[in-house]
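Only one structure is covered here, and it is reproduced in the block below.
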Amino acid sequence: MKKVNPPLISSFLALDIGGTWIKGTVVKETFIKSDLNQLISVKVKSPLELNAQPKHLTKALNELITNLQVSTKSIKGIGISTPGIVDYNGSKVMGGNPYLEVLKSETWKKELETFFKCHVSFINDADAVAIGLSQLGKLKGNKTIGIMPIGTGVGFSIWRNGRRWRPGKLLPLVGSIITPQGDYNNLASASNLALLDRDHDLVEVLLNKNYQKQREQYHLNLLNLIYSAALLYGLDEVVISGGLVEAVNVCNYPLQKVLNRKYPELFTKLDKPLKIIVSENGNSLQLIGALALAKAESIAYQYRKVVPYNKMVTEIPYIKEIQVQNMDSVAIVETMWEAEQRSGEALKNSLFKISYVVDIVVKKIKEGGRIIYVGAGTSGRIAAIDAVEIPCTFGFPKDKVLVLISGGITDAALEIETNFEEDASAVPEMLLLDLCPEDSVIGITASGSAYYVQSALAFAKSKGAYTVMIRSEITESNESFCDDVIALHSGHEVIAGSTRMKAGTATKKVLNFISSAVMIKLGKVAGPYMVNMACINTKLIERAVNILKTLYNLTDNEALQKLKDCNMELDKAIKNINF
């Protein structure tokens with residue numbers, strides 16, 4: 001009788017490539033969050049050096065996989081955490097220490113994908129730590145948190161209210177800040193600290209009283225680094241991880257207590273308290289983040305839908321024969337006005353679907369969920385306009401309505417994406433949100449082609465969140481990566497492909513309809529009045545006074561006094577009056 005081999009159980013591989021070690025772990029496809037706290041990892045000596053070649057890295061990787069005792073045929077996705085600047089697409093290292101030169105070519109990644117027959121994603125090690133913390137539920141609230149893995153050098157990433165925060169679209173290289181004593185990659189290096197011991201034992205350096213003076217200097221270096229980062233980026237918290245923390249946790253060295261005790265006397269220019277946290281997960285966070293990335297990217301990638309250019313309605317001219325360059329201004333504006341009127345009338349066809357979406361989103365929010373917009377180009381920026389207004393208009397929590405824009409939100413008002421960010425995956429940023437089934441994710445892409453939006457919706461749907469795509473037209477078949485589709489019915493553009501025009505107008509309308517109707521259903525509006533608005537300027541204070549006058553037949557002075565009695569919070573003033 002012929003022996004039948006049991007089917008291979010798919011798994012995901014995570015690698016953390018550092019200057020000293022390459023660490024790796026593998027988990028089955030069915031892994032759940034609780035498994036992340038019990039990862040078993042192995043490590044091999046890193047071959048990275050000034051003249052390292054791909055073959056050296058491949059040899060070390062083969063050794064690692066052998067030690068992990070995993071079949072290469074079972075691996076369904078690979079996530080790689082590495083120091084240095086990783087490109088937005090997660091395909092290669094673009095800059096960093098000279099020893100990272102071997103990772104700057106996409107050739108090695110392509111060779112891995114060919115060998116393993118699966119998707120491979122690179123991510124900066126500090127960003128991987130941020131994802132790891134998020135997956136463990138340790139990044140929450142409307143805060144700005146600096147994530148600082150410390151090993152051979154210093155990594156840094158900023159998490160701000162659910163989003164990766166990169167001013168100037170640049171990785172914040174705080175380790176490269178130069179002082180008269182040197183840069184912080186050297187001054188705060190855990191590897192350099194370990195060199196004080198003849199066996200390079202970091203635990204020995206942390207515990208032996210003979211190193212007391214050196215430890216105190218190291219504490220000062222670390223505090224100066226943290227102080228610099230806090231001043232530059234307005235941090236509420238700093239979370240330290242990496243090889244330093246691995247040693248700290250092994251010997252129960254009270255680093256967190258020492259740093260929090262010493263910093264008030266040094267941090268004299270901070271305008272708010274800073275909390276310093278030494279992560280209990282130490283060096284495993286990079287691997288946790290890389291594992292989450294590997295699994296999520298494999299899910300998103302299988303649902304990727306390439307829209308043929310000749311099928312994109314938004315690329316067809318509104319009037320093919322028109323010669324706008326020969327028209328006077330009145331004719332140009334009248335043509336655009338006419339096109340907008342037709343588009344606006346056509347939007348009637350989507351009102352039922354919009355109201356259907358509203359009711360589901362309301363239900364999800366009442367269960368504790370959030371509204372999360374995801375968009376590329378004009379779509380993302382219009383979503384941001386809507387999202388940023390909701391908290392002040394309706395008194396809705398800032399951490400309950402979020403927006404992601406391809407290329408990052410930090411400079412989205414200053415420039416458009418210029419490096420294929422629309423085609424990149426949104427998964428690394430979606431992972432930072434720690435999605436739950438109560439969330440509603442609304443993706444906007446007029447053409448329907450932006451993989452940034454497709455990947456966000458596919459991943460969110462896999463997490464049980466409610467997912468909606470807003471696009472120009474309904475396609476012949478349902479989209480497998482989302483639950484529902486709302487058609488803008490914006491049709492062809494006067495300037496072919498310029499979806500900032502009719503599609504942009506229609507997008508603003510649809511998002512206005514959804515968010516305003518949701519807030520009304522949540523009790524944030526009474527009659528035509530917003531009753532939870534924030535009194536953050538003179539006009540809004542006058543509006544609040546007028547609302548109280550109208551609703552409760554008060555004089556100007558009485559209404560203003562009611563507001564003052566409640567610290568200028570309209571909702572509290574209304575509750576006090578009703579009580």
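Out of curiosity, is Val357 part of a helix (DSSP H, G or I), modelled with pLDDT of 95 or more, loosely packed, with under 12 Cβ neighbours inside 10 Å and of a type in the set (Val, Ile, Thr)?
no
So which strands (runs of 3 or more DSSP E) are wholly in the range 79-193 and hold at least 3 residues that are closer than 19 Å to Leu244 by Cβ?
144-149
Please indicate, with yes or no, whether at least one residue in the range 463-472 is without any contact (Cβ under 8 Å) to a residue 40 or more places away in the chain, in contact with a helix residue (DSSP H, G or I) (Cβ under 7 Å, 6 or more places away or on another chain) and not in a loop (DSSP other than H, G, I, E, B).
Scanning the range 463-472 turns up at least one residue that is without any contact (Cβ under 8 Å) to a residue 40 or more places away in the chain, in contact with a helix residue (DSSP H, G or I) (Cβ under 7 Å, 6 or more places away or on another chain) and not in a loop (DSSP other than H, G, I, E, B).
It is to be established whether one or more residues within the range 447-456 are at pLDDT below 95 and in contact with a strand residue (DSSP E or B) (Cβ under 6 Å, 6 or more places away or on another chain).
The answer is yes; a qualifying residue exists.
Right, Ile150: β-branched (Val, Ile, Thr), crowded, with 22+ Cβ neighbours inside 10 Å and under 14 Å from the mean Cα position of the chain (by Cα) or not?
no
Please determine, by comparing only the residues of the range 543-553 that are surrounded by fewer than 17 Cβ atoms within 10 Å (Cβ to Cβ) and either among the hydrophobic types (A, V, I, L, M, F, W, C) or at negative phi (or both), which one is nearest to the chain's Cα centre (by Cα).
Arg543
If Glu63 passes every condition in (1) of a type in the set (D, E, K, R); (2) in contact with a strand residue (DSSP E or B) (Cβ under 7 Å, 6 or more places away or on another chain); (3) exposed (fewer than 12 other Cβ atoms within 10 Å of the Cβ) but one, which one does it miss?
Tallying (1) of a type in the set (D, E, K, R); (2) in contact with a strand residue (DSSP E or B) (Cβ under 7 Å, 6 or more places away or on another chain); (3) exposed (fewer than 12 other Cβ atoms within 10 Å of the Cβ), Glu63 fails exactly one: (3).
Could you tell me whether Val362 is touching a residue at least 24 places away in the same chain (Cβ under 8 Å), in the same structural domain as Met469 (by TED's automatic domain parsing) and either of a type in the set (S, T, N, Q) or in a helix (DSSP H, G or I) (or both)?
Working: touching a residue at least 24 places away in the same chain (Cβ under 8 Å): yes; in the same structural domain as Met469 (by TED's automatic domain parsing): yes; either of a type in the set (S, T, N, Q) or in a helix (DSSP H, G or I) (or both): yes.
It is true that Val362 is touching a residue at least 24 places away in the same chain (Cβ under 8 Å), in the same structural domain as Met469 (by TED's automatic domain parsing) and either of a type in the set (S, T, N, Q) or in a helix (DSSP H, G or I) (or both).
Please list, ordered by first then second residue, the pairs with beta carbon atoms under 6 Å, 6 or more apart or interchain, first in the range 523-545 and under 17 Å from Ile577 (Cα atoms), second among the aromatic types (Phe, Trp, Tyr).
Correct list of pairs: Lys524/Phe394; Asn532/Phe394.
Any chance the range 73-85 includes a residue that's at pLDDT 80 or above, of a type outside the set (Val, Ile, Thr) and farther than 22 Å from Ala292 by Cβ?
Yes: the range 73-85 contains one or more residues that are at pLDDT 80 or above, of a type outside the set (Val, Ile, Thr) and farther than 22 Å from Ala292 by Cβ.
Looking at the range 431-442, which of the residues that are more than 23 Å from Val358 (Cβ to Cβ) and either at pLDDT 95 or above or in contact with a strand residue (DSSP E or B) (Cβ under 6 Å, 6 or more places away or on another chain) (or both) is surrounded by the fewest Cβ atoms within 10 Å (Cβ to Cβ)?
Leu432
Among the residues of the range 309-349, which ones are in contact (Cβ under 8 Å) with a residue 12 or more places away in the chain and over 18 Å from Ser472 (Cβ atoms)?
Hits for the range 309-349 are Ile322, Val324, Thr335.
Among the residues of the range 22-60, which ones are hydrophobic (A, V, I, L, M, F, W, C) and either free of Cβ contacts under 8 Å to residues at least 60 places away in the same chain or surrounded by fewer than 16 Cβ atoms within 10 Å (Cβ to Cβ) (or both)?
Within the range 22-60, Ile22, Val26, Ile32, Ile40, Val42, Val44, Leu48, Leu50, Ala52, Leu57, Ala60 qualify.
Look at Lys508 and say whether it is at pLDDT 90 or above and surrounded by fewer than 18 Cβ atoms within 10 Å (Cβ to Cβ).
Against the criterion (at pLDDT 90 or above and surrounded by fewer than 18 Cβ atoms within 10 Å (Cβ to Cβ)), Lys508 qualifies.
In the range 97-115, is there at least one residue being of a type in the set (A, V, I, L, M, F, W, C) and within 15 Å of the chain's Cα centre (by Cα)?
For the range 97-115, residues of a type in the set (A, V, I, L, M, F, W, C) and within 15 Å of the chain's Cα centre (by Cα): absent.
Please go through the range 194-214 and pick out each residue that is assigned to a helix (DSSP H, G or I) and either in contact with a helix residue (DSSP H, G or I) (Cβ under 7 Å, 6 or more places away or on another chain) or touching a residue at least 12 places away in the same chain (Cβ under 8 Å) (or both).
Of everything in the range 194-214, those that are assigned to a helix (DSSP H, G or I) and either in contact with a helix residue (DSSP H, G or I) (Cβ under 7 Å, 6 or more places away or on another chain) or touching a residue at least 12 places away in the same chain (Cβ under 8 Å) (or both) turn out to be Ala194, Leu202, Val203, Val205, Leu206, Leu207, Tyr211, Gln214.
Pick from Gly84, Gly19, Gly77: which is under 23 Å from Leu136 (Cβ atoms) and either charged (D, E, K, R) or surrounded by 13 or more Cβ atoms within 10 Å (Cβ to Cβ) (or both)?
On the way: Gly84 fails: under 23 Å from Leu136 (Cβ atoms); Gly19 fails: under 23 Å from Leu136 (Cβ atoms).
Of Gly84, Gly19, Gly77, the one residue that is under 23 Å from Leu136 (Cβ atoms) and either charged (D, E, K, R) or surrounded by 13 or more Cβ atoms within 10 Å (Cβ to Cβ) (or both) is Gly77.
If we keep just the residues of the range 300-338 that are touching a strand residue (DSSP E or B) at 6+ places or on another chain (Cβ under 8 Å) and assigned to a helix (DSSP H, G or I), which is nearest to Phe481 (Cα to Cα)?
Once the filter is applied, the top-ranked residue is Tyr301.
The values are calculated or read from the model by the stated rules, or taken from the named source; none is laboratory data. A quick note: this is a predicted structure, and the numbers were derived from the prediction, not measured. Ideal geometry is used to build each Cβ from the backbone, glycine not excepted, and the neighbour counts take in all protein chains shown.
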